[in-house]
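Q: Take this structure first; my questions come after.
The values are calculated or read from the model by the stated rules, or taken from the named source; none is laboratory data. As the structure is a computational prediction, the values presented were derived from the model and not from experiment. Neighbour counts run over all protein chains shown; Cβ positions are idealised from the backbone, glycine included.
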Amino acid sequence: MPADMPLFFRITAVEYADGGYGMEHAIKLSKAYHAAGVDVFHVSSGGEGPVGERKPGNYPGYQVPFARKIREALGVPVVAVGMLEDPALAQSVICSEEADLVAIARGMLRDPYWTIHAAKSLRSEYTTIPKQYERAYH
């Protein structure tokens, strides 16, 4: 891997299965991975077993605090996830420095032109319009 290419690593910050680990363990793991060369952490939660007593959130931004805690503990860039497809919410996460990047997975699956629509709704200058669609935006 080229030295100037950032290495991203997706980590589960909190595991909801009974007996699953929490933030302290995730931070410990993140420090070890960072020492091994990881540059950016893509922070999620759950997914390693059935949900137990500890329940995940189910609202936009519920995983953002996990990303923020890893960012604060390690001082490295993080990607936040978790129902962040509202452009204003995604922008807020970045502007408030809770994360350096946001992932819009399901939102982009539902709307492949999410970036264009988000830029337009935020009244940003958008220049990434596919050439064949330019006429529709000017």
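Q: With respect to Lys31, determine if the residue is crowded, with 19+ Cβ neighbours inside 10 Å and either assigned to a loop (DSSP other than H, G, I, E, B) or at pLDDT 95 or above (or both).
A: Details: crowded, with 19+ Cβ neighbours inside 10 Å: no; either assigned to a loop (DSSP other than H, G, I, E, B) or at pLDDT 95 or above (or both): yes.
No; evaluated as a whole, the condition is false for this residue.
Q: Run down Val14, Val93, Val79, Val38 and say which single residue is aliphatic (A, V, I, L, M), in a strand (DSSP E or B) and surrounded by 17 or more Cβ atoms within 10 Å (Cβ to Cβ). Step through it out loud before you land on a result.
A: Details: Val14 fails: in a strand (DSSP E or B); Val93 fails: in a strand (DSSP E or B); Val38 fails: in a strand (DSSP E or B).
Val79 is the lone residue from the list that is aliphatic (A, V, I, L, M), in a strand (DSSP E or B) and surrounded by 17 or more Cβ atoms within 10 Å (Cβ to Cβ).
Q: For the stretch 77-106, which positions are touching a helix residue (DSSP H, G or I) at 6+ places or on another chain (Cβ under 6 Å) and either in contact (Cβ under 8 Å) with a residue 24 or more places away in the chain or on the phi > 0 side of the Ramachandran plot (or both)?
A: Val78, Ala80, Leu84, Glu85, Pro87, Val93, Glu98, Ala99
Q: Take the conditions small (Gly, Ala, Ser) and more than 11 Å from the chain's Cα centre (by Cα) and apply them to Gly82. Does it pass?
A: Details: small (Gly, Ala, Ser): yes; more than 11 Å from the chain's Cα centre (by Cα): no.
In short, no.
Q: Of the residues Asp39, Asp18, only one is more than 27 Å from Gly107 (Cα to Cα), of a type in the set (Asp, Glu) and either in the same structural domain as Cys95 (by TED's automatic domain parsing) or in contact with a helix residue (DSSP H, G or I) (Cβ under 8 Å, 6 or more places away or on another chain) (or both); which? Give the steps one after another, and end with the answer.
A: Numbers: Asp39 fails: more than 27 Å from Gly107 (Cα to Cα).
Checking each option against the conditions leaves just Asp18.
Q: So, one more: Yes or no: the stretch 56-70 includes at least one residue that is in contact with a helix residue (DSSP H, G or I) (Cβ under 9 Å, 6 or more places away or on another chain), surrounded by fewer than 16 Cβ atoms within 10 Å (Cβ to Cβ), in a loop (DSSP other than H, G, I, E, B) and not charged (D, E, K, R).
A: Within the stretch 56-70, one or more residues are in contact with a helix residue (DSSP H, G or I) (Cβ under 9 Å, 6 or more places away or on another chain), surrounded by fewer than 16 Cβ atoms within 10 Å (Cβ to Cβ), in a loop (DSSP other than H, G, I, E, B) and not charged (D, E, K, R).
Q: Exactly one condition in (1) surrounded by fewer than 16 Cβ atoms within 10 Å (Cβ to Cβ); (2) aliphatic (A, V, I, L, M); (3) closer than 30 Å to Tyr133 by Cβ is false for Val102; which is it?
A: (1)
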